[in-house]
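Below is one structure, written out as structure tokens; comments come after it.
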Amino acid sequence: MKTQKLFQILNVSMIIGFLIFLHSCKIDQSSIYSLQKYKVYDNAAVSTAHPVASAIAVKILKEGGNAIDAAIAAQFALAVCYPVAGNIGGGGFMIYREQNGRLHSLDYRETAPARSSESMYLDAAGNVIKDLSTKGHLAVGIPGSVDGMYEAFKKFSKLQDWKQLVQPAIDIAEKGFKLTKKQAKNLNDKKEVFQEVNQHQNPFNSPNRYRAGDVFIQKDLAHTLTLIRDEGRAGFYEGENAQRLAQEMQKHQGIIGTDDLKNYQSVWRDVISFPYKNYTIHSMPPPSSGGILLAQLMQSIEPYPIKSWGFQDVRSIHLMTEAEKRAYADRAIHLGDGDFYPVPVEDLINPHYVTERMRDFNISKASDLESIQAGQFDESEETTHFSIVDSYGNAVSITTTLNGGYGSKVVVEGAGYLLNNEMDDFSAKVGVPNMYGLVGAEANKIEPGKRMLSSMTPTIVEKEGKLFMVLGTPGGSTIITSVFQTILNVIEFEMPVGKAVEAPRFHHQWKPEDLFYENGAFAADKVKSLEKMGHQVSSRSSIGRVELIVAQNGKLEAAADTRGDDHVDGF
Ligand code: GLY
């Protein structure tokens, strides 16, 4: 009898124990942060890849800062709390729309070092050496992020207090922030490569396994950020930090020196702007391919009744795919850094040219790849995007990157930040695909001081002259097609804002031949129909993480992608 009772007690305590375990799993998975994926705000809104960065941007807005102030604080915060792509060791692009409608684009893309060369990733036989442009010190382009933020600050900050914008990032580096489940897993998955690339101890190659909720502290990074806080641009490109970065390079056969850093300059460029029905779309010019390809894609589909065909109707998918093949074929041949190569921007976005490109579009048959060549006339998918609208009516759309997840995996010794592997975005050899499967040519060959071609597509859409959408996404070569689809989801398929971001995506980039769709996005019958038309259809992991703000009915509707830990905030 006593034994029976003991078993009963044991059973009950086991059940309770199991329930507590289940509960803790739940905490582990969902309540490290309470993620907000969609919300409507009256005054100002922010959508970023991490709740801590969103909160910091909103704090700056509440202190009277404008969208630029909030963006600078978010860029530095993401370098700490979203190290897989947020950065001070990478670069990015900004589209800024002032409340009065004036548009600006800032290019703070990385550049090739003075000692780089066209053949630096080739062996004696002229073959591309595996991993050299993606991992370790030779993969690194000269970082542009700190210069970019300082430029934006000088020109547009309302608060005019640089220290106030950098300090929140220092605080979270110094005191730490809690890792989400995805972040803990990702850091554990990459531990070995961090150990291979870095001999010194740092939080990334620590032998401990991380768990959700662990507090991630980055003391060296806090120190570097303090230099930036106190000395502005010079805190990164000169003095102690420049010496550290150059020493890191020297020790490991890298080629970036102190002069490379000193000479780095971000550039204000002319925005690519084009009409689509009663909208005007503004996006990034070269060295991004984003604005040009987005213009081609939107113009290619404009004559077709895509709204009545509907979202992911086979006809819509087919049309969009055929437009994508043509645009990416042009990318491979014609696009590169316009300061080094005569990119025919006006020709590529000329509506007549785009119409001509679609002339052989067959409504019921996929075109064969070799029949599509670039037009003739006489550029781990980890990047991050954030969208901000302030209470004054200014809007910022920023996409920033280390290229692959955690970039080159190089952590600068004593300085605590990760360096990009953006050199892989150049074409190491004509026709040889980079890590995104993108091919390139002369236009995107490596040259000292040149910027590597990008797909980043920070975008702002106006409706009848007024601010309407602020959006962008990470995703390497899929960035452009994700922005394209999200705009159509809102404008043509009239989806609610949250749904427009959540909706499944697909992608074609001319080469390889595959029409990729997110796992589960296309039902079997749809796949069959597309195959019948001649498409080679393949499923893959998730595509993009869009951060979108839509200004309508006097409100700001903010959406963060459900595919990650992305989070909206505002007031
Ligand atoms: N590194 C990805 C891009 O710039 O397109």
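The values are calculated or read from the model by the stated rules, or taken from the named source; none is laboratory data. Everything numeric here is computed off the predicted structure, so don't read it as measured data. FYI the Cβ positions are ideal-geometry reconstructions off the backbone, even for glycines, and counts take in every protein chain you see. SASA here: full protein model, heavy atoms, side chains in, ligands and nucleic acids out. Shrake-Rupley method; radii C 1.70, N 1.55, O 1.52, S 1.80 Å.
The residues in segment 89-136 that are in contact with a helix residue (DSSP H, G or I) (Cβ under 6 Å, 6 or more places away or on another chain) and over 23 Å from residue 283 (Cα atoms) can be counted, and the count is 6.
Taking segment 552-563 as the range and being of a type outside the set (Val, Ile, Thr) and either in contact with a His (Cβ under 7 Å, 6 or more places away or on another chain) or open to solvent by 10 Å² or more (accessible area, probe 1.4 Å) (or both) as the test, the residues that pass are 552, 553, 554, 555, 556, 557, 560, 563. Only one of the numbered conditions (1) open to solvent by 10 Å² or more (accessible area, probe 1.4 Å); (2) touching a Phe, Trp or Tyr at 6+ places or on another chain (Cβ under 6 Å) is violated by residue 507, and that is (1). Take residue 453 and decide whether it is within 14 Å of the ligand (Cβ to nearest atom), modelled with pLDDT of 95 or more and within 17 Å of the chain's Cα centre (by Cα). It is true that residue 453 is within 14 Å of the ligand (Cβ to nearest atom), modelled with pLDDT of 95 or more and within 17 Å of the chain's Cα centre (by Cα).
Within segment 510-538, how many residues turn out to be buried (at least 16 other Cβ atoms within 10 Å of the Cβ), in contact with a strand residue (DSSP E or B) (Cβ under 6 Å, 6 or more places away or on another chain) and not aromatic (Phe, Trp, Tyr)?
Our first condition is that a residue be buried (at least 16 other Cβ atoms within 10 Å of the Cβ); within segment 510-538, this holds for 510-511, 514-518, 521-522, 526-527, 529-530, 533, 535, 537.
Then drop every residue that is not in contact with a strand residue (DSSP E or B) (Cβ under 6 Å, 6 or more places away or on another chain), which leaves 514-517, 527, 530, 533, 535, 537.
Still in the running and not aromatic (Phe, Trp, Tyr): 514-515, 527, 530, 533, 535, 537.
Looking only at that region, the number is 7.
For segment 286-328, taking the residues that are within 16 Å of the ligand (Cβ to nearest atom) and either open to solvent by 10 Å² or more (accessible area, probe 1.4 Å) or acidic (Asp, Glu) (or both), the one that is nearest to residue 505 (Cα to Cα) is identified as 324.
Condition first: of a type in the set (Lys, Arg) and more than 21 Å from the chain's Cα centre (by Cα). Now tell me which residues in segment 259-274 satisfy that.
Answer for segment 259-274, where residues must be of a type in the set (Lys, Arg) and more than 21 Å from the chain's Cα centre (by Cα): just 262.
Screening segment 37-142 for strands (runs of 3 or more DSSP E) wholly inside it with 2 or more residues that are buried (at least 24 other Cβ atoms within 10 Å of the Cβ) and under 21 Å from the mean Cα position of the chain (by Cα) returns the ranges 45-48, 91-97, 103-108.
Scanning segment 449-467 for residues that are out of contact with any His (no Cβ under 6 Å at 6 or more places or on another chain) and open to solvent by less than 10 Å² (accessible area, probe 1.4 Å) turns up 450, 452, 453, 454, 455, 456, 457, 458, 459, 461. Comparison of 256, 272, 281 shows that the only residue that is under 24 Å from residue 142 (Cα atoms), open to solvent by less than 20 Å² (accessible area, probe 1.4 Å) and of a type in the set (Val, Ile, Thr) is 256.
Out of curiosity, is residue 549 modelled with pLDDT of 95 or more, surrounded by 19 or more Cβ atoms within 10 Å (Cβ to Cβ), of a type in the set (Val, Ile, Thr) and touching a Lys or Arg at 6+ places or on another chain (Cβ under 9 Å)? No.
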